[in-house]
Structures are given as C-alpha cells and as structure tokens.
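Everything below concerns the one structure shown next.
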Amino acid sequence: MKIKIEKVAVFGAGEMGHGIAENCAIAGYEVWMRDLTDEALNRAMARIKEGLLKLQARGIIKNTEEILERINPTTELENAIKDADLLIEAIPEVFEQKVNLFSECDKIARDECIFATNTSTMSITRLSEATKRRDRFIGMHFFTPVVVMELVELTKGEKTSEETLKVCEEFVKTLKKRPIVLKKETPGFIVNRVVAPASVLRLCILEKGIATPEEVDATCRKAGYVIGPFELWDYIGLDVVCNAMKYYARELSPEYEPKYLERMIKEGKLGKKSGMGFYDWSRRPEVDLSKATDRVDIRDFVFLEINEATKLVEMGVSDPETIDSAVKLAYGRKKGPFEIARDYSDDEICRRLKELAKKFEKRIFEPAETIRKGKLKELLKNTS
Ligand SMILES: NC(=O)c1ccc[n+]([C@@H]2O[C@H](COP(=O)([O-])OP(=O)(O)OC[C@H]3O[C@@H](n4cnc5c(N)ncnc54)[C@H](O)[C@@H]3O)[C@@H](O)[C@H]2O)c1
C-alpha cells in the first residue's frame with residue numbers, strides 16, 4: 001500500500017501536540033489539531049503563533065499567517081481523523097486513554113492512515129493492539145521543545161511493516177529532524193531509558209537530604225550540562241515524568257516508584273505549567289552555580305547512564321554509536337555515555353556501581369554483565 005503523507009492529524013494540543021502541529025505546518029503539511037476543549041486549542045494556537053513570530057523575527061520562516069492557516073484546530077474527533085494520512089497521538093501518558101483513542105480513531109480513519117504515538121515509555125506493540133492496523137502503527141517520539149529538538153526516536157511494534165517505518169523516516173526528515181530507529185522496543189526507548197536509573201539516584205539524593213534540587217542542578221551545570229536535571233523536569237512537567245517512572249515501576253522494577261514526585265504532584269507542584277515545581281516559576285528561575293556541592297558526584301550519574309546504555313546494547317535495542325548520538329542530540333551534550341566510558345576503566349565503573357547499589361539498596365544500579373565481566377572496552381572496540 002503506497003502511502004503519501006499530506007494531511008496530519010495531531011491528537012492533544014498540550015506541550016508536545018502544539019509543537020508537533022507547529023512543526024508539521026512549517027514543513028507544509030495540512031494539520032488537524034484535536035483537543036478536548038476550545039480553551040486548550042486556543043491556548044495552543046496562541047503558543048504556536050508566538051513561536052512562529054519568534055522564528056520569523058529570526059529569519060527562519062517567512063510567513064507566519066500562511067503557516068497558521070494550515071492548522072485546523074478542532075474538538076471533533078471525526079473532523080480531525082477522517083481524511084488523515086498520519087495520526088500523531090500526543091495525549092497524556094495514560095495507557096487506557098491512549099488505547100481508547102486509538103480504537104475510536106481506527107474505526108473512522110482511512111485504511112492507509114498510519115497511526116503514530118508520541119508515548120515516552122509504553123510498548124508500541126501493546127498500544128497497536130487497540131487497532132486493526134498493527135502494520136501501520138509506530139512509535140514516533142519527539143522531544144521538547146519540539147520545534148527546536150532535532151531527535152525523533154522511531155520504534156516498530158512486533159507487526160509494524162518496513163514500509164510504515166520507511167514512510168515515517170522520510171516524514172521525520174521533512175520536518176528537518178533526525179530519525180533514530182530502535183532495533184527492538186523497550187520501555188522508555190533509548191534516551192529516556194538511559195537516564196532513568198540516574199533519575200532514581202537523584203530522587204534518592206533528595207529523599208535522604210544529601211543535597212537540594214538546586215545543589216544537584218548547580219553541580220550538573222558546572223560540569224557542563226546545558227540544563228540541570230530538576231530544571232528540565234520542571235519544563236517537561238512533573239506529572240509527565242511521574243507517569244513515565246510509574247510505567248517503569250510496573251514494567252521494569254518497583255525501584256522506579258516515584259514517591260517523591262507523587263508527593264509533589266499532590267501538592268499541586270507540576271513544574272513550569274503549574275507555576276511551581278522544584279523551582280518557583282512566578283519568574284524564570286536561575287540556578288545559583290555557587291550552590292554546586294561535592295556531596296553530589298556527577299560521575300555517579302554518568303556511570304549509571306553508561307550502565308543502562310550497556311544493558312540496552314546487551315538486550316539488542318541499539319548499538320553504542322546510535323545510543324551516543326541519541327543522547328547527545330536529546331541533551332545537547334558533547335559526549336554520549338559510551339564516549340565517556342572510554343575515559344574510565346571497567347573496574348572503576350563496576351566498583352562504583354556496586355557501591356551505589358549497596359548504599360541506596362537498588363538492584364537497578366547493579367553493573368551490567370558486560371561491565372561486571374570487564375568487557376565494556378572490548379564491546380566498544382568491536383563497534384567503533
Ligand atoms: N512533555 C514532554 O517533554 C514530552 C516529551 C516527549 C513525549 N511526551 C509524551 O507526549 C504525550 C503528551 O505529553 P504532553 O507533555 O504534551 O502532555 P500535556 O498534558 O501537555 O498535553 C496533553 C493534551 O492532550 C489532551 N487530550 C486528552 N485526551 C485527549 C483526546 N482523547 N483527544 C485529544 N486530546 C486529548 C489534553 O487536554 C491535553 O491538552 C505523553 O504521552 C508524553 O509522555 C512528552
């Protein structure tokens with residue numbers, strides 16, 4: 001079945017959906033953006049206009065009005081999906097909500113229409129099972145802010161066809177983005193999964209009162225991160241991060257249970273979108289770099305990333321080169337986990353991972369088999 005994408009239906013007009021709709025319209029596609037209320041759609045259209053005007057002022061695009069005209073906001077599901085060639089779903093990270101939406105859209109969409117999900121964590125195969133088009137179902141994971149971030153992770157489910165993958169790779173390129181294709185699906189895909197155990201460690205550091213969020217962020221920024229991890233979470237939305245970690249807790253290990261975040265969310269702290277998270281967003285927060293502390297060792301986060309990245313290679317999800325590229329693109333870093341691993345001996349990484357696992361009683365920090373056997377350098381030699 002030959003698929004040519006002209007009309008894109010974006011479901012959800014929140015943080016991701018509005019950016020995806022904007023990006024598709026810039027690339028020349030006719031876009032139907034569906035949310036549940038006019039209020040959400042108006043907010044999204046205002047954000048898109050503001051974003052486009054900024055791009056126009058910088059000479060990146062020429063005609064804001066023309067691009068805006070390509071976006072049709074609607075609350076009607078049928079209007080959005082009936083003639084679409086591609087559906088991109090960006091509704092909340094709640095499995096039942098996504099499944100209900102896909103099954104409803106499946107009844108109305110044209111046969112050729114490809115369904116893509118922007119889920120940050122979930123199984124593409126399991127989501128695809130809500131439809132009769134499992135061969136035309138794919139994970140298309142964008143990063144925030146969508147218009148700026150180049151990386152898109154593409155993940156096939158068990159039944160996704162090569163044709164669907166090819167069409168989606170081409171589509172992502174027309175958005176001027178870099179598609180990275182996973183060899184096998186896994187919770188969190190590449191980028192979010194690589195950093196997941198380090199996220200658990202950072203929450204342990206807060207729980208145990210070892211350092212404050214600002215101290216952790218200042219330490220990371222001083223070490224060259226473009227943004228501190230807690231600042232980034234405030235941008236992403238603590239509800240989004242929490243849902244992702246709860247999914248890992250169910251699928252991978254209960255050690256991912258984000259109790260600290262759940263308490264914050266109960267207090268209404270969702271990050272930037274609610275005005276309060278780890279930081280007070282009544283004005284743009286500035287991390288005080290003098291708060292960097294040696295109570296936080298940046299190498300611990302790095303070693304945990306190397307460890308999880310190694311586990312992904314062991315599982316056949318991806319290869320070191322692709323993982324390094326994805327992490328660099330997603331976090332604006334100069335080096336990926338495997339490039340950094342070359343600066344340390346396997347023994348040093350292994351020893352520290354074992355110490356962390358023992359100190360914080362987390363089995364997810366235990367060294368990967370390749371590291372335990374001292375074979376990480378060998379793996380890198382074979383793949384470089
Ligand atoms: N925020 C991020 O940084 C980020 C990054 C990558 C992927 N994601 C993923 O993208 C998805 C959306 O995240 P977000 O941050 O944009 O969430 P968000 O809460 O900002 O927006 C979700 C929007 O979907 C709307 N919605 C709910 N049900 C709907 C339905 N049936 N039809 C149409 N709209 C509906 C909501 O009203 C809301 O406006 C999630 O799966 C999330 O995990 C988020």
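Throughout, read-outs are computed from the coordinates displayed, never taken from laboratory work. What you see is a predicted model, and the numbers here were worked out from it, not measured in a lab. Quick reminder, even Gly has a Cβ in these numbers, built from the backbone with ideal geometry, and neighbours come from all protein chains shown.
Which stretch or stretches of the stretch 272-307 have amide N atoms under 13 Å from the point lying 7 Å from Arg333's Cα along the Cα→Cβ direction?
It comes to 298-307, nothing else.
Longer than 31 Å from Cα to Cα, which of Lys269/Lys311; Lys107/Lys266; Lys82/Lys328; Lys184/Lys269; Lys49/Lys98; Lys183/Lys377 are they? Say none if no pair is. Write down the numbers at each step before the final one.
On the way: Lys269/Lys311 33 Å; Lys107/Lys266 37 Å; Lys82/Lys328 38 Å; Lys184/Lys269 35 Å; Lys49/Lys98 28 Å; Lys183/Lys377 22 Å.
The answer is Lys269/Lys311; Lys107/Lys266; Lys82/Lys328; Lys184/Lys269.
List the relative contact order of the chain as a percent without decimals, with contacts defined as Cα pairs under 8 Å and 6+ residues apart.
Relative CO of the chain lands at 12 percent.
Quick check on the stretch 189-384: what does the Kirkwood estimate of hydrodynamic radius come out to from the alpha carbon pairs, in Å? Write down the numbers at each step before the final one.
Details: mean 1/r = 0.0582 Å⁻¹.
One over the average 1/r among Cα pairs gives 17.2 Å for the stretch 189-384.
Among the trypsin sites (Lys or Arg not before Pro) in the stretch 147-198, which ones are in a DSSP loop with at most 15 other Cβ atoms within 10 Å of the Cβ? Mind listing them?
On the way: sites: Lys156, Lys159, Lys166, Lys173, Lys176, Lys177, Lys183, Lys184, Arg193; in loops: Lys159, Lys176, Lys177, Lys183, Lys184.
Within the stretch 147-198, the qualifying trypsin sites (Lys or Arg not before Pro) (loop, at most 15 other Cβ atoms within 10 Å) are Lys159, Lys176, Lys183, Lys184.
Which loop-located GluC sites (Glu not before Pro) does the stretch 252-315 contain, where loop means any DSSP state but H, G, I, E or B and the Cβ has at most 15 other Cβ atoms within 10 Å?
Values: sites: Glu255, Glu262, Glu267, Glu286, Glu305, Glu308, Glu314; in loops: Glu267, Glu286.
When the GluC sites (Glu not before Pro) of the stretch 252-315 are filtered for loop state and at most 15 Cβ neighbours within 10 Å, Glu267, Glu286 remain.
Evaluated at 37 °C with a viscosity of 0.692 mPa s, what Stokes-Einstein diffusion coefficient in µm²/s does the chain have when Rh comes from the Kirkwood expression over alpha-carbon pairs?
This corresponds to a translational diffusion coefficient of 151 µm²/s.
Just to confirm the filter: which trypsin sites (Lys or Arg not before Pro) across the stretch 252-339 are DSSP coil and have at most 15 other Cβ within 10 angstrom of their Cβ? Mind dumping the intermediate values first?
Working: sites: Lys259, Arg263, Lys266, Lys269, Lys272, Lys273, Arg283, Lys291, Arg295, Arg299, Lys311, Lys328, Arg333, Lys334, Lys335; in loops: Lys269, Arg283, Arg295, Arg333, Lys334, Lys335.
Here the trypsin sites (Lys or Arg not before Pro) that fit, given the DSSP loop and packing criteria, are Arg283, Arg295, Lys334, Lys335.
Please get the size of the charge dipole for the stretch 1-149, origin at its Cα centre, with Cβ charges of +1 on Lys and Arg and -1 on Asp and Glu, quoted in debye to the nearest 20.
Working: 20 positive and 24 negative charges, 89 e Å.
I would put it at about 420 debye.
What FRET efficiency would be calculated for the residue pair Lys381, Asp288, taking the C-beta separation as r and a Förster radius of 41 Å, to the nearest 0.05? Don't skip to the answer; put the middle values down first.
On the way: r = 42 Å, r/R0 = 1.03.
Efficiency for this residue pair is about 0.45.
Output the relative contact order of the stretch 255-321, whole-number percent, from Cα pairs under 8 angstrom with separation of 6+ residues. Working shown, then result.
Numbers: 24 pairs, mean separation 7.5, N = 67.
For the stretch 255-321, the relative contact order is 11 percent.
What is the extension gain from Met315 to Asp347, computed as 0.36 nm multiplied by their sequence separation minus the C-alpha to C-alpha distance, in nm to one decimal?
On the way: separation 32, 0.36 × 32 = 11.52 nm, distance 2.18 nm.
So the chain would gain 9.3 nm between Met315 and Asp347.
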